[in-house]
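Enquirer: Handing you this structure, nothing more for now.
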Amino acid sequence: MGICCCTICGAMCFNAAQTKTLEIALIILNSISFVLIILCLGIIKFNEMPKANLAFFIIMLLINLAYLIFSIILRYWRAKNVIKEHKRSLGVSLSQAGFILGIIQFILCLIEEIVFIIGCYRTNHPCYRNDEYYKGNYPYYRRISSVDCFNKDSSYYIDVITWGQEFIAYITFSYLEIAIIFAIILFHLLKNRIQMKLDGPPQVHISPQVVDPYGAPYGRDVIVVQPGDVVMMGGNQYQYNPYPYAQNQPNNMPAPNMQYPGGNQYPGSNDFQMQEKIS
(Lines give C-alpha, C1' and ligand atoms only; values in the text may rest on other atoms or scores of the structure.)
Protein backbone atom coordinates (compact mmCIF):
# COMPACT_ATOMS: atom_id res chain seq x y z
CA MET A 1 0.00 0.00 0.00
CA GLY A 2 2.84 2.36 0.86
CA ILE A 3 4.57 1.63 -2.44
CA CYS A 4 1.32 2.35 -4.34
CA CYS A 5 0.82 5.72 -2.57
CA CYS A 6 4.46 6.63 -3.13
CA THR A 7 4.18 5.71 -6.81
CA ILE A 8 1.00 7.76 -7.34
CA CYS A 9 2.45 10.83 -5.62
CA GLY A 10 5.69 10.46 -7.54
CA ALA A 11 3.85 10.15 -10.86
CA MET A 12 1.87 13.33 -10.16
CA CYS A 13 5.04 15.25 -9.30
CA PHE A 14 6.86 13.94 -12.38
CA ASN A 15 3.95 14.87 -14.64
CA ALA A 16 4.20 18.51 -13.51
CA ALA A 17 8.00 18.69 -13.83
CA GLN A 18 10.09 19.94 -16.72
CA THR A 19 11.31 17.38 -19.26
CA LYS A 20 14.92 18.15 -18.37
CA THR A 21 14.13 17.28 -14.75
CA LEU A 22 12.62 13.95 -15.80
CA GLU A 23 15.74 13.00 -17.74
CA ILE A 24 18.06 13.93 -14.87
CA ALA A 25 15.89 12.00 -12.38
CA LEU A 26 16.04 8.97 -14.67
CA ILE A 27 19.85 9.13 -14.80
CA ILE A 28 20.09 9.38 -11.00
CA LEU A 29 17.70 6.48 -10.40
CA ASN A 30 19.54 4.22 -12.82
CA SER A 31 22.97 5.21 -11.50
CA ILE A 32 22.03 4.24 -7.94
CA SER A 33 20.54 0.96 -9.16
CA PHE A 34 23.70 0.19 -11.12
CA VAL A 35 25.91 0.85 -8.07
CA LEU A 36 23.76 -1.35 -5.80
CA ILE A 37 23.80 -4.29 -8.22
CA ILE A 38 27.60 -4.00 -8.60
CA LEU A 39 27.88 -3.92 -4.80
CA CYS A 40 25.87 -7.12 -4.51
CA LEU A 41 27.98 -8.87 -7.13
CA GLY A 42 31.14 -7.91 -5.28
CA ILE A 43 30.00 -8.77 -1.74
CA ILE A 44 27.68 -11.77 -1.96
CA LYS A 45 29.32 -15.18 -2.38
CA PHE A 46 27.44 -16.24 -5.49
CA ASN A 47 29.94 -19.03 -6.14
CA GLU A 48 28.53 -20.81 -3.07
CA MET A 49 24.92 -20.40 -4.22
CA PRO A 50 22.84 -21.92 -7.02
CA LYS A 51 23.89 -20.54 -10.40
CA ALA A 52 20.44 -19.07 -11.06
CA ASN A 53 21.08 -16.29 -8.53
CA LEU A 54 24.19 -15.06 -10.32
CA ALA A 55 22.47 -15.31 -13.72
CA PHE A 56 19.53 -13.15 -12.61
CA PHE A 57 21.82 -10.48 -11.15
CA ILE A 58 23.91 -10.31 -14.33
CA ILE A 59 20.77 -9.93 -16.49
CA MET A 60 19.45 -7.16 -14.22
CA LEU A 61 22.84 -5.44 -14.40
CA LEU A 62 22.79 -5.48 -18.21
CA ILE A 63 19.23 -4.15 -18.36
CA ASN A 64 20.10 -1.41 -15.89
CA LEU A 65 23.16 -0.49 -17.95
CA ALA A 66 20.93 -0.18 -21.02
CA TYR A 67 18.60 2.03 -18.96
CA LEU A 68 21.47 4.29 -18.00
CA ILE A 69 22.73 4.58 -21.58
CA PHE A 70 19.23 5.39 -22.91
CA SER A 71 18.65 8.11 -20.31
CA ILE A 72 22.06 9.70 -20.95
CA ILE A 73 21.45 9.72 -24.72
CA LEU A 74 18.04 11.34 -24.30
CA ARG A 75 19.49 14.01 -22.03
CA TYR A 76 22.36 14.69 -24.47
CA TRP A 77 20.02 15.05 -27.44
CA ARG A 78 17.78 17.47 -25.55
CA ALA A 79 20.78 19.53 -24.44
CA LYS A 80 21.85 19.75 -28.11
CA ASN A 81 18.23 20.60 -29.07
CA VAL A 82 18.08 17.88 -31.71
CA ILE A 83 15.51 15.58 -30.11
CA LYS A 84 12.62 17.64 -31.49
CA GLU A 85 13.77 17.26 -35.09
CA HIS A 86 15.86 14.53 -36.74
CA LYS A 87 16.41 12.60 -33.44
CA ARG A 88 12.75 12.61 -32.57
CA SER A 89 11.87 9.14 -33.90
CA LEU A 90 14.98 7.63 -32.30
CA GLY A 91 14.09 9.28 -29.00
CA VAL A 92 10.61 7.77 -29.10
CA SER A 93 12.10 4.35 -29.88
CA LEU A 94 14.56 4.57 -26.97
CA SER A 95 11.76 5.58 -24.61
CA GLN A 96 9.58 2.69 -25.74
CA ALA A 97 12.50 0.27 -25.36
CA GLY A 98 13.18 1.58 -21.86
CA PHE A 99 9.52 1.15 -20.95
CA ILE A 100 9.50 -2.49 -22.11
CA LEU A 101 12.85 -3.28 -20.47
CA GLY A 102 11.54 -1.79 -17.23
CA ILE A 103 8.62 -4.21 -17.16
CA ILE A 104 10.97 -7.13 -17.87
CA GLN A 105 13.42 -6.07 -15.16
CA PHE A 106 10.64 -5.62 -12.60
CA ILE A 107 9.46 -9.19 -13.21
CA LEU A 108 13.04 -10.50 -13.02
CA CYS A 109 13.60 -8.62 -9.77
CA LEU A 110 10.54 -10.22 -8.16
CA ILE A 111 11.61 -13.68 -9.31
CA GLU A 112 15.21 -13.18 -8.18
CA GLU A 113 14.07 -12.05 -4.74
CA ILE A 114 12.28 -15.37 -4.24
CA VAL A 115 15.14 -17.38 -5.75
CA PHE A 116 17.66 -15.56 -3.56
CA ILE A 117 15.75 -16.36 -0.35
CA ILE A 118 15.61 -20.04 -1.27
CA GLY A 119 19.25 -20.02 -2.39
CA CYS A 120 20.46 -18.46 0.87
CA TYR A 121 18.63 -21.03 2.96
CA ARG A 122 19.87 -23.99 0.96
CA THR A 123 23.42 -22.66 0.97
CA ASN A 124 23.50 -22.08 4.71
CA HIS A 125 21.63 -25.35 5.41
CA PRO A 126 23.33 -27.83 3.07
CA CYS A 127 21.96 -30.84 4.94
CA TYR A 128 18.28 -29.96 4.90
CA ARG A 129 17.68 -33.15 2.83
CA ASN A 130 19.51 -35.41 5.28
CA ASP A 131 17.36 -38.48 4.82
CA GLU A 132 18.49 -42.08 4.35
CA TYR A 133 19.16 -41.61 0.64
CA TYR A 134 21.43 -38.56 1.03
CA LYS A 135 23.06 -39.52 4.35
CA GLY A 136 26.80 -39.88 3.93
CA ASN A 137 26.76 -38.59 0.37
CA TYR A 138 26.79 -34.95 -0.81
CA PRO A 139 24.43 -32.07 0.01
CA TYR A 140 21.25 -31.58 -1.98
CA TYR A 141 22.88 -28.65 -3.80
CA ARG A 142 26.47 -29.39 -4.77
CA ARG A 143 28.74 -26.56 -3.55
CA ILE A 144 32.46 -25.76 -3.81
CA SER A 145 33.01 -26.20 -0.07
CA SER A 146 31.01 -29.40 0.21
CA VAL A 147 29.89 -30.54 3.62
CA ASP A 148 29.68 -34.08 4.88
CA CYS A 149 26.10 -34.36 6.01
CA PHE A 150 26.52 -37.74 7.67
CA ASN A 151 24.96 -37.67 11.15
CA LYS A 152 23.81 -34.05 10.60
CA ASP A 153 20.18 -32.99 10.54
CA SER A 154 18.47 -30.42 8.32
CA SER A 155 19.06 -27.55 10.80
CA TYR A 156 22.83 -27.71 10.36
CA TYR A 157 23.92 -24.13 9.64
CA ILE A 158 27.28 -23.10 8.14
CA ASP A 159 26.75 -19.30 7.73
CA VAL A 160 28.24 -18.98 4.24
CA ILE A 161 25.86 -16.17 3.21
CA THR A 162 26.10 -13.86 6.19
CA TRP A 163 23.42 -11.56 7.57
CA GLY A 164 25.22 -8.53 6.17
CA GLN A 165 25.20 -9.98 2.64
CA GLU A 166 21.50 -10.76 2.89
CA PHE A 167 20.81 -7.23 4.17
CA ILE A 168 22.60 -5.64 1.20
CA ALA A 169 20.64 -7.87 -1.18
CA TYR A 170 17.26 -7.00 0.38
CA ILE A 171 18.08 -3.27 0.33
CA THR A 172 18.92 -3.65 -3.36
CA PHE A 173 15.71 -5.52 -4.13
CA SER A 174 13.57 -2.94 -2.29
CA TYR A 175 15.21 -0.01 -4.05
CA LEU A 176 15.10 -1.66 -7.47
CA GLU A 177 11.38 -2.39 -7.25
CA ILE A 178 10.58 1.27 -6.48
CA ALA A 179 13.15 2.69 -8.90
CA ILE A 180 11.99 0.48 -11.77
CA ILE A 181 8.37 1.61 -11.30
CA PHE A 182 9.48 5.24 -11.40
CA ALA A 183 11.69 4.54 -14.43
CA ILE A 184 8.74 3.00 -16.29
CA ILE A 185 6.66 6.11 -15.54
CA LEU A 186 9.48 8.43 -16.60
CA PHE A 187 10.09 6.64 -19.89
CA HIS A 188 6.36 6.80 -20.64
CA LEU A 189 6.21 10.54 -19.90
CA LEU A 190 9.34 11.19 -21.97
CA LYS A 191 7.93 9.28 -24.93
CA ASN A 192 4.78 11.43 -24.90
CA ARG A 193 6.73 14.67 -24.56
CA ILE A 194 9.14 13.75 -27.33
CA GLN A 195 6.20 13.03 -29.61
CA MET A 196 4.58 16.39 -28.74
CA LYS A 197 7.95 18.26 -28.82
CA LEU A 198 7.49 19.56 -25.29
CA ASP A 199 10.15 20.83 -22.88
CA GLY A 200 7.63 21.05 -20.06
CA PRO A 201 4.31 19.63 -18.91
CA PRO A 202 1.38 19.70 -21.35
CA GLN A 203 -0.84 22.77 -21.19
CA VAL A 204 -4.25 22.26 -19.62
CA HIS A 205 -7.08 23.93 -21.57
CA ILE A 206 -10.13 24.97 -19.54
CA SER A 207 -13.40 25.53 -21.41
CA PRO A 208 -15.03 28.92 -20.73
CA GLN A 209 -17.98 28.87 -18.37
CA VAL A 210 -21.37 29.33 -20.02
CA VAL A 211 -23.65 31.90 -18.42
CA ASP A 212 -27.30 32.68 -18.99
CA PRO A 213 -28.53 36.09 -20.25
CA TYR A 214 -28.92 37.35 -16.67
CA GLY A 215 -25.32 36.67 -15.76
CA ALA A 216 -25.80 33.59 -13.59
CA PRO A 217 -23.91 30.39 -14.50
CA TYR A 218 -25.77 27.30 -15.52
CA GLY A 219 -26.12 24.75 -12.79
CA ARG A 220 -27.70 27.11 -10.24
CA ASP A 221 -30.56 25.94 -8.05
CA VAL A 222 -34.04 25.92 -9.63
CA ILE A 223 -37.13 26.54 -7.49
CA VAL A 224 -40.44 25.32 -8.91
CA VAL A 225 -43.35 27.66 -8.07
CA GLN A 226 -46.86 26.27 -8.23
CA PRO A 227 -49.96 28.38 -8.95
CA GLY A 228 -51.17 29.95 -5.73
CA ASP A 229 -47.76 29.91 -4.00
CA VAL A 230 -46.54 33.08 -2.30
CA VAL A 231 -43.07 34.16 -3.38
CA MET A 232 -40.69 36.94 -2.27
CA MET A 233 -39.51 39.34 -4.98
CA GLY A 234 -37.72 42.60 -4.28
CA GLY A 235 -38.58 42.35 -0.57
CA ASN A 236 -42.34 42.09 -1.30
CA GLN A 237 -44.68 39.11 -1.26
CA TYR A 238 -46.60 38.13 -4.40
CA GLN A 239 -49.04 35.33 -5.11
CA TYR A 240 -48.14 33.44 -8.27
CA ASN A 241 -50.90 33.00 -10.89
CA PRO A 242 -49.76 32.27 -14.49
CA TYR A 243 -53.09 33.21 -16.07
CA PRO A 244 -54.67 36.03 -14.08
CA TYR A 245 -56.70 37.27 -17.07
CA ALA A 246 -57.62 33.91 -18.63
CA GLN A 247 -61.26 34.01 -17.44
CA ASN A 248 -61.89 37.53 -18.76
CA GLN A 249 -60.26 37.26 -22.22
CA PRO A 250 -61.70 35.82 -25.45
CA ASN A 251 -60.30 32.58 -26.80
CA ASN A 252 -56.82 32.74 -28.39
CA MET A 253 -56.34 36.34 -27.26
CA PRO A 254 -53.04 36.98 -25.48
CA ALA A 255 -53.08 38.46 -22.03
CA PRO A 256 -51.88 42.04 -21.65
CA ASN A 257 -48.26 42.75 -20.95
CA MET A 258 -47.15 42.94 -17.34
CA GLN A 259 -44.27 44.84 -15.79
CA TYR A 260 -41.88 42.45 -13.95
CA PRO A 261 -40.17 43.80 -10.80
CA GLY A 262 -36.90 45.28 -11.91
CA GLY A 263 -38.13 46.78 -15.20
CA ASN A 264 -38.26 43.70 -17.53
CA GLN A 265 -41.42 43.11 -19.56
CA TYR A 266 -42.76 39.64 -20.28
CA PRO A 267 -45.51 39.75 -22.93
CA GLY A 268 -48.05 37.06 -23.65
CA SER A 269 -50.60 35.04 -21.73
CA ASN A 270 -48.10 32.23 -21.09
CA ASP A 271 -45.55 34.51 -19.44
CA PHE A 272 -44.75 34.75 -15.77
CA GLN A 273 -47.57 36.79 -14.24
CA MET A 274 -47.97 37.86 -10.65
CA GLN A 275 -51.08 38.97 -8.85
CA GLU A 276 -51.10 42.10 -6.76
CA LYS A 277 -48.74 42.45 -3.84
CA ILE A 278 -50.01 40.83 -0.69
CA SER A 279 -50.30 43.43 2.00
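The values are calculated or read from the model by the stated rules, or taken from the named source; none is laboratory data. Worth saying up front: this structure is predicted, and the values here are computed from it rather than measured. With ideal geometry, Cβ positions are generated from the backbone for all residues, glycine too; neighbour counts draw on all protein chains shown.
Enquirer: Starting from the stretch 25-43, take each residue that is touching a residue at least 60 places away in the same chain (Cβ under 8 Å) and within 17 Å of Leu190 (Cβ to Cβ) and list its partners that are among the aromatic types (Phe, Trp, Tyr) and in a helix (DSSP H, G or I), counting only C-beta distances under 7 angstrom and pairs at least six apart or across chains.
Expert: Leu29/Phe182; Asn30/Tyr67
Enquirer: Among Met60, Met12, which is under 17 Å from Ile181 (Cα atoms), part of a helix (DSSP H, G or I) and at pLDDT 90 or above?
Expert: After applying the criteria, what remains is Met60.
Enquirer: Follow-up question, since we're still on this one. Please find, within the stretch 151-189, the residue that is nearest to the chain's Cα centre (by Cα) out of those that are of a type in the set (Gly, Ala, Ser) and buried (at least 20 other Cβ atoms within 10 Å of the Cβ).
Expert: Initial filter on the stretch 151-189 (of a type in the set (Gly, Ala, Ser)): 154-155, 164, 169, 174, 179, 183.
Next, from what is left, pick out any that are buried (at least 20 other Cβ atoms within 10 Å of the Cβ): 169, 179, 183.
Numbers: Ala169: 26, Ala179: 13, Ala183: 11 Å.
So, considering only residues that are of a type in the set (Gly, Ala, Ser) and buried (at least 20 other Cβ atoms within 10 Å of the Cβ), the one nearest to the chain's Cα centre (by Cα) is Ala183.
Enquirer: Taking Val35 and the conditions (1) touching a helix residue (DSSP H, G or I) at 6+ places or on another chain (Cβ under 6 Å); (2) surrounded by fewer than 16 Cβ atoms within 10 Å (Cβ to Cβ); (3) of a type in the set (Val, Ile, Thr), which numbered condition does it fall short on, given that it satisfies the others?
Expert: Every condition holds for Val35 apart from (1).
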